[in-house]
Amino acid sequence: TNYFLKSSLEECIQFASAACELDPQLGEAYYVLGKAFKLKGMLYEAKSNLSIALQLLPGRACVCLSLAYVCRRLQDYDEAIKLYLEMIRLYPDLEEAYKSLGYVYLELKQHHECISLWRQYTFRKRSMGDYTKA
């Protein structure tokens with residue numbers, strides 16, 4: 001992803017697309033392509049490429065979180081919730097998954113689920129000794 005800093009998104013898309021064509025099993029190329037499309041606001045293209053990346057790189061947190069974010073932006077809330085819950089299952093200490101899922105619940109006006117989720121995360125952090133009072 002350092003390529004984003006050195007080049008234009010169009011060049012990034014061009015090179016990542018070429019990498020995908022050369023090696024259709026190269027999950028990282030689909031991930032980079034999906035991230036580039038996300039940055040350009042091309043969310044359907046981002047979702048497509050990130051979905052392929054997740055199939056090739058199952059359980060990779062950065063891919064799953066990026067795909068969940070795109071699903072949320074596309075208002076595909078069921079898919080976003082499923083992805084965030086999978087991240088919490090695989091990485092129970094991944095704060096970003098809890099926060100992002102909480103925001104989805106807020107957007108859906110599912111306040112009880114949001115509060116329950118954030119309580120669960122706060123309890124988890126306290127039990128691990130990671131919680132400090134402000």
| task | With r as the distance between the Cβ atoms of Leu39 and Glu107 and R0 = 30 Å, compute the FRET efficiency 1/(1 + (r/R0)^6) and round to 0.05. | result | 0.85
| said: Taking R0 as 22 Å, what FRET efficiency do you get between Ser48 and Glu96 from their Cβ-Cβ distance, rounded to the nearest 0.05? | reply: 0.45
| said: Probe of 1.4 angstrom, ligands and nucleic acids ignored: what's the accessible area per residue over the chain, in square angstrom? | reply: 61 Å²
| note | Comparing Gly102, Gly27, Gly41 in a Gaussian network model of the chain (Cα, 10 Å), the one with the largest mean-square fluctuation is Gly41
| message | Helix-only mean residue ellipticity at 222 nm, the chain, DSSP H runs n ≥ 4 weighted -39,500 (n - 2.57), per residue, nearest 500. What is it? | response | -24500 deg cm²/dmol
| query | So, with a 1.4 angstrom probe, what is the percent of accessible area on the chain that is carbon and sulfur? | reply | 53 percent
| request: Extending each Cα 7 Å along its Cβ direction at Leu74 and Leu9, get the distance between those two points in nm, one decimal. | output: 1.6 nm
| field | Positive-end residue of Gly102, Tyr44, Ala16, charge dipole of region 15-134 with Cβ unit charges | value | Gly102
| Taking the chain, how many lysine pairs are there with alpha carbons less than 19 Å apart, if each pair must be eight or more places apart or span two chains? | 12
| Of Ser100, Ser116, Ser51, which is the most mobile in a GNM of the chain whose springs link Cα atoms less than 10 angstrom apart? | Ser116
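The values are calculated or read from the model by the stated rules, or taken from the named source; none is laboratory data. Please read all numbers here as calculations on a predicted model, not as lab measurements. Counting neighbours? That spans all protein chains shown, and the Cβs are built from the backbone with ideal geometry, glycine included. Protein only, heavy atoms only, side chains kept; ligands, DNA and RNA dropped before computing areas. Shrake-Rupley method; radii C 1.70, N 1.55, O 1.52, S 1.80 Å.
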